[in-house]
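The values are calculated or read from the model by the stated rules, or taken from the named source; none is laboratory data. Note that this is a predicted model, so its numbers are computed, not measured. So basically every Cβ, Gly included, is an ideal-geometry build from the backbone, and we count neighbours across all protein chains shown.
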Amino acid sequence: MNVPTCFRRQLLVLGLAAFGAASAHAQTTLSMWYHGAGNPVEKDLMAGIIKDFNASQKEWKVELQQFPQEAYNTSVVAAAVAGKLPDIMDVDGPIMPNWAWSKYLQPLALPAGAIDKFLPGTIGKWNGKVYSVGLWDAACAIFARKSVLTANNIRIPTLDKPWTKAEFDAALVTLQKSGKFDYPIDLGLAWKGEWYSYAFGPFLQSHGGDLLNAAGPKANGTLNGKAGVEFGTWWQSLFTRKLTPGTSQSGADREAGFIDGKYALQWNGNWAALPALKKWGDDLVFLPAPDFGKGPKIGAASWQFGVSATSKNPKGANAFIAFALKDKYLAAFSDGIGLIPSTPQAAAMTKNYAKGGPMEVFFALSAKQATLRASTPGYAGASGEFEKALSDIANGGKVADALDTAADAIDADLKKNNNYR
Amino acid sequence: MTAPSTTSAPGAGRARRSGLLMVSPAMILMALFMILPFLLAFAMSFTNQRLVSPNPAQWVGFDNYKQMLDVGVLVLSPEKDAQGQPAREADGSPVYPGLREYTRDNPDYPQLNRMREWFHLDWSGDQRLYVLASDVIFMKALVNTVLFVVVVAPVQALLALLLAMLINQPLRGINFFRTIYFMPVVISMVVVAFLWRFIYAGDNGLLNALLGQLSFGAIKPVDWLGQPSTALGAIMAMSIWQGVGFHMIVWLSGLQTIPASLYEAAALEGASKWQVFRFVTWPGLRNTAILIMVVITMQAFTLYPQIDVMTRGGPLDSTQSLVFQAVQRGYGKQDIAGGSAISVFLFLFVLAISLGQRWLTREKK
């Protein structure tokens, strides 16, 4: 099971090496890996930046290699084992500490002030050092329709005054009583995987809990502490009161349920905003995350760029990343694929996030509410345990037991890895 | 030239050599892609090997197996209320102390530390016996997998035999039915599982709509994959449907090796349909039956893609399977050692069962 995939990757790596050797020039070649294969818009944008960079100076020449997203992380792991990492690569925000710890990445050496204006979620920091930086971020909001909220006498929350837990709960119950919807809110439990940690972890953090105490590092006492149990109890009540579809929700309902009017509200990311805008137009509002007691919070960090630890030309790799951080490129990515640009200047240059633009609110959400996921190499394992605990609680498992189990599993993982030191 | 031995014909040595030469590509590939990975998994299951880690792997002996297989028992009496009477819930059932107090760093019960409830039984009087395991998910996966095999193997084999006898008739257009029944087999399990997710969908699925129509709304929609009581059964039904065509073809080939002269003789003797089946067809299918039982059993133990696509082990671990857990641990949790330990366990388990089947179906002299 293991060997054939490794073997395939080695072939891939060999092929890449041959590709690199065939195109040697007077400029020193920097190889770059990117996760976005299959998206032509993204490819054109990346190719444009690289072309500009290669033309802007004589020392370096960047060559791009794209991977499909599903195969990207495993390809990087295989390449690292084979010692064939590229000079520049992109990395998913929460995975970054794992790769930094595994010595795939080295800290960035960008010019002073290069990322001062960047949204906090776009800067990948671990152990006090910046390892990666993103050209964009993503943000979650409650998708809602003004007409529905006003018809049910529900206050429309603002960024400065989001719903409290009680208000949010009351709004859901009111919408349920209206009888016009299958469910008052769709949280998207159909989206298995990282979505659970990204979308619901901030609810836990807003209750005052967290996945783990990164200083320990230890999950027992944090995840299954008082705040954690309080969060878990509320989470379970959403399902026992039938306020949101459970883990067996179909992907189709998740995609179309809000647009079809089956759900009154939907917890979703900015990447899904355009279809909803197209359907509901001016009636659509993006509401900020509720404040469960310790401030309203949403997840932060998307794909970011870093320099591999084995790069022979870190100077050139850093030069390229610094070059790519120009506002016009951030704006181009945002216009191309709808992501949140990393700086206010870039946001002002975009169609959707400029002042008065239809998705402007997401930039403010990202700036104001974004909370990083626990910055630890153990994140990958911990995130999976959290997902399982949330599913089990949603399906009627005992709250304390589910959280205890997850905390034990996370701590066991930390122990097995010598606390990721 | 030395005289050939009495058992081998002239040139047998050469034939053997060329024979070996011809099987060598297959042998080498099998060694490389099946035996070697297995040996690696065996070795890794005694280490703390990670998928990604800068730390070197260390030998940990049987730790992985111990963590996986450890069980404990605890007998609890109901809690007493202020009057010294057993405390009772509103419905009259006794209230038991929380297990958490015994299993989480309780110095009096070090052997139960970090264990969780697997299941409980009512014991003598009001007492309750709790069976605890340090890896409840593994235990549930083991039970589910065995349950899956115990149900799927006989039902699938029997259905396949019925279908094979139905389509083993010289009717016009019979190939059409053969094709229809065989169709699910050639469709990838992943695709089939996706389609059946729509069929089983809780609110507006095909199955619920059908049941509702047939019963004039008496049967309320059931969330087949979303509740622990029906999820595994739903997956079993779908798996049987998907695999039955393959075994039907195997049965069919067995049926067609039975000489027609035997049936003619039986007809001349005036045998009833049941007698023909009992004394002609079934004995003629003996070897086919053994093959099918062994193959279905082994296939059923590797239950994985339907779980991955349809439920990912949920709800509440009601559909965990051993292979799903092996993959989940090895790749999801990056714990290759833990995944390997499950794989080795599964190998030994299936090996034991296959040997048992061999023994039960041996030629009795």
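Within segment B:189-202, residues that are facing chain A (nearest Cβ under 9 Å) and charged (D, E, K, R) have Cβ atoms under 9 Å from residues that are surrounded by fewer than 19 Cβ atoms within 10 Å (Cβ to Cβ) and in a helix (DSSP H, G or I) in these pairs: B:Arg197/A:Gly251; B:Arg197/B:Val309, counting only partners at least 6 apart in sequence or on another chain.
Is at least one residue of segment A:167-179 touching a Phe, Trp or Tyr at 6+ places or on another chain (Cβ under 6 Å) and modelled with pLDDT of 90 or more? Looking through segment A:167-179, none of the residues is touching a Phe, Trp or Tyr at 6+ places or on another chain (Cβ under 6 Å) and modelled with pLDDT of 90 or more. Residues that are over 21 Å from the mean Cα position of the chain (by Cα), buried (at least 18 other Cβ atoms within 10 Å of the Cβ) and within 14 Å of A:Ser250 (Cβ to Cβ) within segment A:180-195 comprise just one, A:Tyr183. Among the numbered conditions (1) touching a strand residue (DSSP E or B) at 6+ places or on another chain (Cβ under 8 Å); (2) within 23 Å of B:Lys333 (Cβ to Cβ), the only one that A:Lys192 does not meet is (1). Checking each residue in segment A:248-264 for being farther than 21 Å from A:Leu339 by Cα and under 21 Å from the mean Cα position of the chain (by Cα) picks out only A:Gly251. For segment B:323-336, filtering for residues that are more than 8 Å from chain A (Cβ to nearest Cβ) and surrounded by fewer than 23 Cβ atoms within 10 Å (Cβ to Cβ) leaves 3. Exactly one residue out of A:Ala394, A:Ala382, A:Ala400 is within 10 Å of chain B (Cβ to nearest Cβ) and surrounded by fewer than 22 Cβ atoms within 10 Å (Cβ to Cβ), and it is A:Ala400.
Select from segment A:95-117 the residues that are touching a helix residue (DSSP H, G or I) at 6+ places or on another chain (Cβ under 9 Å) and away from chain B (no Cβ under 14 Å) and write down the one among them that is surrounded by the most Cβ atoms within 10 Å (Cβ to Cβ). If we take residues in segment A:95-117 being touching a helix residue (DSSP H, G or I) at 6+ places or on another chain (Cβ under 9 Å) and away from chain B (no Cβ under 14 Å), then A:Leu108 is surrounded by the most Cβ atoms within 10 Å (Cβ to Cβ). The condition of being farther than 30 Å from A:Ile337 by Cβ, more than 9 Å from chain B (Cβ to nearest Cβ) and in a helix (DSSP H, G or I) holds for A:Ala389.
Within segment A:76-90, if we keep just the residues that are more than 13 Å from every other protein chain (Cβ to nearest Cβ) and under 22 Å from the mean Cα position of the chain (by Cα), the residue that is nearest to A:Phe320 (Cα to Cα) turns out to be A:Ile88. Taking helices (runs of 4 or more DSSP H) as the structural unit, those lying wholly within segment B:233-338 and holding at least 3 residues that are within 19 Å of the chain's Cα centre (by Cα) correspond to B:286-301, B:305-310, B:322-327. Cβ-Cβ contacts under 7 Å between residues 6 or more apart (or on different chains), taken from a first residue in segment A:372-400 that is in contact (Cβ under 8 Å) with a residue 40 or more places away in the chain to a second residue that is outside any helix (DSSP H, G or I) and basic (Lys, Arg), are listed as A:Ser375/A:Lys125; A:Tyr379/A:Arg373.
Within segment A:129-171, the set of residues being closer than 20 Å to A:Leu243 by Cα and aliphatic (A, V, I, L, M) comprises A:Ala141, A:Ile142, A:Ala144, A:Val148, A:Leu149, A:Ala151, A:Ile154, A:Ile156, A:Ala166, A:Ala170, A:Ala171.
For segment A:280-293, the condition of being in contact with a Ser or Thr (Cβ under 7 Å, 6 or more places away or on another chain), part of a helix (DSSP H, G or I), hydrophobic (A, V, I, L, M, F, W, C) and at pLDDT 95 or above holds for none of the residues. State yes or no: is A:Lys262 closer than 29 Å to A:Pro377 by Cβ and either within 14 Å of another protein chain (Cβ to nearest Cβ) or without any contact (Cβ under 8 Å) to a residue 40 or more places away in the chain (or both)? It is false that A:Lys262 is closer than 29 Å to A:Pro377 by Cβ and either within 14 Å of another protein chain (Cβ to nearest Cβ) or without any contact (Cβ under 8 Å) to a residue 40 or more places away in the chain (or both). Output the number of the condition that B:Ser354 fails; it satisfies all remaining conditions of (1) in contact (Cβ under 8 Å) with a residue 60 or more places away in the chain; (2) small (Gly, Ala, Ser); (3) within 30 Å of A:Ala406 (Cα to Cα). Every listed condition holds for B:Ser354 apart from (3).
Residues that are charged (D, E, K, R), surrounded by 13 or more Cβ atoms within 10 Å (Cβ to Cβ) and at negative phi were ranked within segment B:99-146; the one that is farthest from the other protein chains (Cβ to nearest Cβ) is B:Asp126. Can you pull out every residue in segment A:168-190 that is in a loop (DSSP other than H, G, I, E, B), more than 12 Å from chain B (Cβ to nearest Cβ) and either of a type in the set (S, T, N, Q) or touching a residue at least 24 places away in the same chain (Cβ under 8 Å) (or both)? Answer for segment A:168-190, where residues must be in a loop (DSSP other than H, G, I, E, B), more than 12 Å from chain B (Cβ to nearest Cβ) and either of a type in the set (S, T, N, Q) or touching a residue at least 24 places away in the same chain (Cβ under 8 Å) (or both): A:Lys180, A:Phe181, A:Leu187, A:Gly188. Here's a check for you: in segment A:51-79, which residue that is in contact (Cβ under 8 Å) with a residue 60 or more places away in the chain and in a helix (DSSP H, G or I) is surrounded by the fewest Cβ atoms within 10 Å (Cβ to Cβ)? Out of the qualifying residues, it is A:Ser56.
When restricted to residues that are crowded, with 16+ Cβ neighbours inside 10 Å and farther than 29 Å from B:Gly313 by Cβ, segment B:163-214 contains 7. Among the numbered conditions (1) closer than 23 Å to A:Ala407 by Cβ; (2) touching a residue at least 60 places away in the same chain (Cβ under 8 Å), the only one that B:Phe38 does not meet is (1). Among the residues of this structure, B:Arg100 does not count as one that is under 30 Å from A:Gly378 (Cβ atoms), touching a residue at least 24 places away in the same chain (Cβ under 8 Å) and out of contact with any Ser or Thr (no Cβ under 8 Å at 6 or more places or on another chain). Take B:Leu346 and decide whether it is within 14 Å of chain A (Cβ to nearest Cβ), surrounded by 14 or more Cβ atoms within 10 Å (Cβ to Cβ) and touching a Ser or Thr at 6+ places or on another chain (Cβ under 9 Å). Against the criterion (within 14 Å of chain A (Cβ to nearest Cβ), surrounded by 14 or more Cβ atoms within 10 Å (Cβ to Cβ) and touching a Ser or Thr at 6+ places or on another chain (Cβ under 9 Å)), B:Leu346 qualifies.
In segment A:348-371 there is no residue matching the filter, namely being farther than 18 Å from A:Ala272 by Cβ and either within 10 Å of chain B (Cβ to nearest Cβ) or crowded, with 23+ Cβ neighbours inside 10 Å (or both). Among residues of segment A:191-225 being closer than 22 Å to A:Leu243 by Cα and among the hydroxyl-bearing types (Ser, Thr, Tyr), the one that is farthest from the other protein chains (Cβ to nearest Cβ) is A:Ser206. Would you call B:Val151 among the β-branched types (Val, Ile, Thr) and loosely packed, with under 14 Cβ neighbours inside 10 Å? Answer is no for this residue.
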